[in-house]
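**Q** Questions regarding the structure given below will be posed in turn.
Each value in this text was obtained by applying a stated rule to the coordinates, not by laboratory testing. Values in this document were obtained by computation on a predicted structure and should not be read as measured data. Cβ coordinates were reconstructed from backbone atoms using ideal geometry, including for glycine residues, and neighbour counts include every protein chain displayed.
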Amino acid sequence: MDGFMRRISRNIFVGTIILFAVLLLSACGENEIPTDVLLANSLMEATKGNWEKAAENSSAVLAKDKNNIHALILQALAIHNTDRLQEAMDSISAAVKLAPGNFHAQYLKGYFAYRAGKYQDAVRPLAIANNLKPDDINTLTLLAQTHYKLKNDRLAVSYYKKMAIHPKYRTSALPVNALGILFARSNPRLAQRYFEEAEKRAKTTPHLITDLNRAIFHELNRNNKQAVFYFKRFVSVTKGKAEYDSLREQVLKHLNTL
């Protein structure tokens, strides 16, 4: 999985940890203490990155209570981090069935589907998660990328626009540059406006966005040799920069068509 998506996974995991911590502080009663202790142990191991032990403890909870929504979500997170994606998908699907109004369950179902390359399957749970928390930037980002993968340009544009005005990305060049890419063929004038906005935002690293913009405009002008030069320079300069992973992946795939 690319670095950008790993960061998204960590962010959603932290939110889930906070939710669990609050719930555990209001334990159900004396008869439930063993289950609560197992959940607490699972959380502790997860925060340490001991995913196998976290999975073992959450599985022990589920052996006592197969419908424990918190254990299902935590188990899905843990086994996802031990490269058992299908098992993680099974656990989170069970959680969604039990609690369709749970943001974390819906988000993770969409995220796991995206990771598996099942982009169409990712749309519905991500849309539900977005309805539950409209301002969650991870969900907006993943919806934009999912619809881009599905070539649903109109929907991809709508989510990139929401990203562009989100507090986290309000000064970032990435979402507006993505909008420029999406409009590069259908509406070059509009694409140019987005690219200009991207360059204004990218004051700290202007060459990265400039290289990509130049490549696209050279391609629009049917100067593929220069387009390839700038595309390759963008790929080279952004290596190791996780925030550019999604764009770099798109550029590498596009290069194969030139």
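**Q** Rounding to the nearest 10 and keeping the result within 0 to 90°, find how far the Cα-based axis of helix 85-98 lies from the longest principal axis of the chain.
**A** Computed tilt is about 70 degrees.
**Q** Relative contact order of segment 143-228, please, whole-number percent, based on alpha carbon pairs below 8 angstrom and at least 6 residues apart. Before the final figure, lay out the partial values.
**A** Working: 91 pairs, mean separation 16.1, N = 86.
Relative contact order comes out at 19 percent.
**Q** Summing +1 for each Lys or Arg and -1 for each Asp or Glu, what net charge is found among the other residues whose Cβ lies under 13 Å from the Cβ of residue 214?
**A** Values: positive: 225, 232, 233; negative: 196, 199, 211, 219.
Here the charged neighbours net out to -1.
**Q** Report the one residue of 91, 145, 41 whose Cα lies farthest in the direction of the positive end of the charge dipole of the chain (charges on C-beta: Lys and Arg +1, Asp and Glu -1; origin at the Cα centre).
**A** 145
**Q** Looking at 209, 71, 116, which one has the Cα that reaches farthest to the positive end of the dipole of the chain (charges on Cβ: Lys, Arg +1; Asp, Glu -1)?
**A** 209
**Q** Follow-up question, since we're still on this one. Does segment 171-255 come out rounded, prolate or oblate by the C-alpha gyration tensor, with a ≥ b ≥ c the root eigenvalues, rounded set by a/c under 1.5 and, if not, prolate when a/b is larger than b/c and oblate if not?
**A** Numbers: a/c = 1.59, a/b = 1.07, b/c = 1.48.
Oblate shape, in that a/c is at least 1.5 and b/c is the bigger or equal ratio.
**Q** Only Cα pairs under 8 Å and at least 6 apart count here; give the relative contact order of the chain as a rounded whole percent. Write out the running numbers ahead of the final one.
**A** Details: 303 pairs, mean separation 27.3, N = 258.
Computed value for the chain: 11 percent relative contact order.
**Q** Next question. With +1 on each Lys and Arg Cβ and -1 on each Asp and Glu Cβ, how big is the dipole of segment 43-104 about its Cα centre, in debye rounded to the nearest 20?
**A** On the way: 6 positive and 7 negative charges, 32 e Å.
Charge dipole of segment 43-104: 160 debye, to the nearest 20.
**Q** Might you report the magnitude of the Cβ-based charge dipole of segment 171-255 about its Cα centre, with Lys and Arg at +1 and Asp and Glu at -1, to the nearest 20 debye?
**A** Values: 15 positive and 8 negative charges, 43 e Å.
Roughly 200 debye, rounded to the nearest 20.
**Q** Eigenvalues of the Cα gyration tensor times 5, then square-rooted: what semi-axes does that give for the chain, in whole angstrom, largest first?
**A** Details: eigenvalues 335, 55, 49 Å².
After scaling each eigenvalue by five and taking roots: 41, 17, 16 Å.
**Q** Rounded to the nearest 20 Debye, what is the dipole magnitude of segment 142-195 about its Cα centre when Lys and Arg each give +1 and Asp and Glu each give -1 at the C-beta?
**A** Numbers: 10 positive and 1 negative charges, 14 e Å.
In debye, rounded to 20, segment 142-195 gives about 60.
**Q** Based on the mean of other Cβ atoms within 10 Å per residue, sort peptides 220-230, 246-256, 170-180 so the most packed one is first.
**A** Working: 220-230: 13.8, 246-256: 15.6, 170-180: 21.9.
Taking the mean over residues of other Cβ atoms within 10 Å, the ranking is 170-180, 246-256, 220-230.
**Q** Also, I was wondering about something else. 222 nm [θ] for the chain, helices only, -39500 (n - 2.57) per DSSP H run of 4+, per residue, to 500?
**A** Working: 14 runs with 195 residues, N = 258.
Calculated from helices alone, the mean residue ellipticity at 222 nm is -24500 deg cm²/dmol.
**Q** Also, I was wondering about something else. Helix 33-47 versus the longest principal axis of the chain: what is the Cα-based angle in degrees, 0 to 90, to the nearest 10?
**A** On a 0 to 90 degree scale, this one is about 30.
**Q** Please check: in the Gaussian network model of the chain (C-alpha springs, under 10 Å), which one of 218, 80, 104 has the largest mean-square fluctuation.
**A** Fluctuation is largest for 218.
**Q** Rounding to the nearest 10 and keeping the result within 0 to 90°, find how far the Cα-based axis of helix 51-64 lies from the longest principal axis of the chain.
**A** 50
**Q** For segment 47-125, what relative contact order do you get, as a whole percent, if you take Cα pairs closer than 8 Å and at least 6 residues apart? Can you show the working numbers first?
**A** Numbers: 87 pairs, mean separation 16.8, N = 79.
Relative contact order for segment 47-125 comes out at 21 percent.
**Q** Still on this structure: Using a Gaussian network model of the chain whose springs link C-alpha atoms within less than 10 Å, name the residue from 92, 165, 69 with the highest mean-square fluctuation.
**A** 165
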